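Bear in mind that the values in this text are calculations on the coordinates, not laboratory data. Here the structure is a predicted model, which means the values were calculated and not measured. Note that each Cβ is placed from the backbone with ideal geometry, even for glycine, and that neighbours are counted across all protein chains shown.
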Amino acid sequence: MIYCTKDELLKLAKLSSLKLSEEEIQQFGEQLEVLLTYLNELNEVRPPKGQEGARSINVFREDRIIQADPTLAVEQAPRLEGTSIIVPKILE
Amino acid sequence: MKSFLTIEQLQDLLEKKEISVTEIVAFYQERLRRYNKKLNAALEIFDDIPLATSNKKGLLQGIPGLVKDNLCQKGRITSAGSKMLAQYKAPYDATVVKRLYDEGSIILGRANMDEFAMGSSGEFSAYGPTLNPWDLTCTPGGSSSGSAAAVAAGLVPWAIGTETGGSVRGPASFCGLVGLYPTYGLIPRFGVIAFASSTDQVGPLTRTVYDAALVTSVLAGSDSKDATSLPEPKRDYTRKLTGKLPTGLKIGILQDVMQAEGMNEEVRTAFGHAVDELVRMGASVKYITLPNLKYGISVYFVLSRAEAASNLARFDGSLYGSCAAEVQTLEEMYIKTRQEFFGNEVKRRILLGNYVLSAKYHDAYYQKAQNLRAMIRAEFEAAFEDVDLLVSPTSPALPFKLGEEINDPLTMYLADYFTVPNCITGLPALSLPCGFSKEGLPIGFQFMGPRLSEELIFQVAYAYEQSTNHHINIPVGFD
């Protein structure tokens, strides 16, 4: 693998919070390699000076404080206590 | 009542009181129940339709349809075609869903789709693929697979899809329908489960251009809940459907089209006939070259995967219902949940997204793609100084056979070659039928226009449609 070694793929999986099986490592590794080979064509292009970067503008509005019931946002959490989401321990 | 009526025809019957709303709803519910097993177009057919809404006056009063399952419908499961959201009930309606209800329409169910809208065939749905009504061994295209199949089989007169790289126009082309990718920001995204936020848009799928224009009139317009929504007022997009081309219409054919390798010859021929017809109707045509168009797929790959990796980071087992069992630590919860409940295509895209965003590769891929995006957009804008609209086939291929491309991601992605340029530049395009293959498979072509040119696109498309008869054809086996 040129573009994405097995090591890099495992690091990527960790970044993505995924744990790949051996079969997935093999299959995804090959497929990623094909895709990254294709993407290599991006290297053919040099944007003209001064034209780097996509144009976009930020759209802002004033903060508005509203009354809202947090239950609506959290009630589908698998484990809930009041409006607090329960998760497994974070620190050893 | 006959099957395969358009919205326009149904409204005519309603106005003449030849039929009631209750009868229309019952008719389509029955058709959905009868044929859905065959097609797997709907993930759920609602059995608790509040018929009170059907008396609401509005542009779509009494006309039922389906909504793609990545659009939040309050109180309904909204799964985005994924096991990750198998039990997730949307706490609110998407803006477009609310607008559909406010204009008197009735939503009959949730349409099947590729998982998190990631796919071009419907085969990546966690709930089984949808089949193409024109040929049950073929895919209807994706990711709005269920929406397209349902309309094509006459199970509903309209359906809503979403598009990120081709997911409305591709299925429209494969199913002989009309499908719109609107100007980015014209139709609000509030309540749409995000895949790639800078290209995701909602679009209608209908049998005719008039119907698509009508549904667009319902969906479009500014929304304070969507910061990317344009400050556009509500408009009647059916206003200019005169049946005639505007005088002096100049159409550009993308030069790349004629030279594209791997284009199916029947698609090329049907497209050629469509161009001939436009000329016969009074348009002038010329070839336009967009030198960086060929990088469209790569630009789209990179940007959409990067955004997907970011958008899907929220699915970690803590909030949306699905969570892996027996997890000891937080990290385990994240990893096991995502491993168990995401499908392979989703995982592939997240991995590629994180690859192009990682520090080592960010400039080479992500930044480069952003640069190219701006360059391609500038090329389109320059082209539109010269011509009014551009045309191309919608897909270089005929509908694929089920299972054909699923292990060859690159080939499937290349099918989006003609649709991704609009998505990455945020410019509107409409796909409509231009013919059929020898084996009866639909072929679509598209009009692309400058920003906010939907009225012109609808006008031209309508004129073309009325002078041909592709839209009158129906698939066999859905009487």
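Which residues' amide hydrogens lie under 5 Å from the amide hydrogen of A:L80, considering only partners 5 or more residues apart or on another chain, with H built in the peptide plane?
Close amide H contacts, sequence-distant or interchain: A:I86.
Taking the alpha-carbon distance from B:K240 and a cut-off under 22 Å, which lysines remain once sequence neighbours fewer than 8 residues away in the same chain are dropped?
Those lysines meeting the cut-off are B:K250.
For a quick check, take a GNM of chain A with Cα springs below 10 Å and name the residue from A:R79, A:R61, A:R46 with the largest mean-square fluctuation.
A:R79
Kirkwood-based Rg over Rh for chain B (C-alpha set), two decimals? Can you show the working numbers first?
Working: Rg = 21.0 Å, Rh = 22.1 Å.
A ratio of 0.95.
In the neighborhood of B:V67, defined by Cβ-to-Cβ distances under 13 Å, what is the net charge if each Lys or Arg adds +1 and each Asp or Glu adds -1? It would help to have the intermediate numbers written out before the result.
Details: positive: B:K68, B:K74, B:R76, B:K98, B:R99, B:R110; negative: B:E44, B:D69, B:D93.
Surrounding charge for B:V67 is +3.
Is segment B:184-316 best put as rounded, prolate or oblate by its Cα gyration tensor, with a ≥ b ≥ c the root eigenvalues, rounded for a/c under 1.5, and otherwise prolate when a/b is larger than b/c, oblate when not?
Values: a/c = 2.41, a/b = 1.28, b/c = 1.88.
Because a/c hits 1.5 or more and a/b fails to exceed b/c, segment B:184-316 counts as oblate.
222 nm [θ] for chain B, helices only, -39500 (n - 2.57) per DSSP H run of 4+, per residue, to 500? Write out the running numbers ahead of the final one.
Values: 15 runs with 168 residues, N = 479.
Using -39500 (n - 2.57) per qualifying helix, the result is -10500 deg cm²/dmol.
Considering the Cα trace of segment B:55-141, what is its radius of gyration and what is Dmax, both in angstroms?
Radius of gyration, then largest Cα-Cα span, for segment B:55-141: 14.3, 41 Å.
For segment B:334-479, just say rounded, prolate or oblate: build the C-alpha gyration tensor, square-root its eigenvalues into a ≥ b ≥ c, call rounded for a/c under 1.5, and beyond that prolate if a/b exceeds b/c, oblate if not.
On the way: a/c = 2.71, a/b = 1.29, b/c = 2.10.
Oblate is the answer for segment B:334-479, as a/c is 1.5 or above yet b/c matches or exceeds a/b.
Counting Lys +1, Arg +1, Asp -1, Glu -1, what net charge surrounds B:E331 among other residues with beta carbon under 12 Å of its beta carbon?
Details: positive: A:K14, A:K19, A:K89, B:K336, B:R338; negative: A:E92, B:D316, B:E332.
Its environment carries a net charge of +2.
For B:T164, what is the net charge nearby, where nearby means another residue's Cβ is under 10 Å from its Cβ and Lys, Arg count +1, Asp, Glu -1?
Details: positive: none; negative: B:E163, B:D200, B:E307, B:D416.
It works out to a net charge of -4.
Could you work out the relative contact order of segment B:145-302? I mean the mean sequence separation of Cα pairs under 8 Å and 6+ apart, divided by the number of residues, in percent.
Working: 225 pairs, mean separation 28.0, N = 158.
Across segment B:145-302, relative contact order equals 18 percent.
Quick one: grab the alpha carbon gyration tensor of the protein assembly as shown, order the square roots of its eigenvalues as a ≥ b ≥ c, and give me rounded if a/c is under 1.5, else prolate or oblate depending on whether a/b is larger than b/c.
Numbers: a/c = 1.56, a/b = 1.15, b/c = 1.35.
Here the protein assembly as shown falls in the oblate category.
Using a Cα-Cα cut-off of under 26 Å, which lysines could be cross-linked to A:K19, ignoring same-chain neighbours fewer than 8 residues away?
Partners found: A:K6, A:K11, A:K89, B:K83, B:K336, B:K347, B:K360.
Give the average, rounded to an integer, of partner chain Cβ atoms located within 10 angstrom of each Cβ in B:351-363. The partial results should precede the final answer.
On the way: counts 14, 9, 3, 8, 12, 3, 1, 4, 0, 1, 5, 0, 0.
Across the residues of B:351-363, the mean count of other-chain Cβ atoms within 10 Å is 5.
Relative contact order for chain A: what is it in percent, counting Cα pairs under 8 Å that are at least 6 residues apart? Provide the component values of the computation, followed by the final result.
Numbers: 31 pairs, mean separation 17.5, N = 92.
Once divided by the residue count of chain A, the mean separation gives 19 percent.
Give me, ordered by chain and number, the residues 5 or more places off A:K19 or on other chains with an amide H under 5 Å from its own placed amide H.
Amide H to amide H, under 5 Å and 5 or more residues apart or across chains, A:K19 pairs with B:Q339.
In whole percent, what relative contact order does chain B give with Cα contacts below 8 Å and a gap of six or more residues?
Reported relative contact order: 18 percent.
So which lysines pass the test for B:K225, namely a Cα distance under 17 Å, with those fewer than 8 places away in the same chain ruled out?
Here the lysines satisfying the reach criterion relative to B:K225 are B:K74, B:K98, B:K234.
Return the calculated 222 nm mean residue ellipticity for chain A, to the nearest 500 deg cm²/dmol, obtained by summing -39500 (n - 2.57) across DSSP H runs with n ≥ 4 and dividing by the residue count.
Dividing the helical sum by the residues of chain A leaves -10500 deg cm²/dmol.
Using a 10 Å Cβ count of at most 13 others and DSSP loop calls, identify the longest part of chain B lacking such GluC sites (Glu not before Pro). Walk me through the numbers before you get to the answer.
Working: sites that count: B:E18, B:E261, B:E326, B:E439.
That gives B:19-260 as the longest site-free run.
Kindly write out, for segment B:192-204 in residue order, the coupling ³J(HN,Hα) from the Karplus curve 6.51 cos²θ - 1.76 cosθ + 1.60 (θ = phi - 60°), rounded to whole Hz, with x marking Gly and Pro.
Those phi angles translate into 9, 5, 6, 10, 10, 4, 8, 10, 3, 8, 8, x, x Hz.
Distance from the Cα centre of segment B:171-238 to that of segment B:410-472, in angstrom?
Their Cα centres are 15 Å away from one another.
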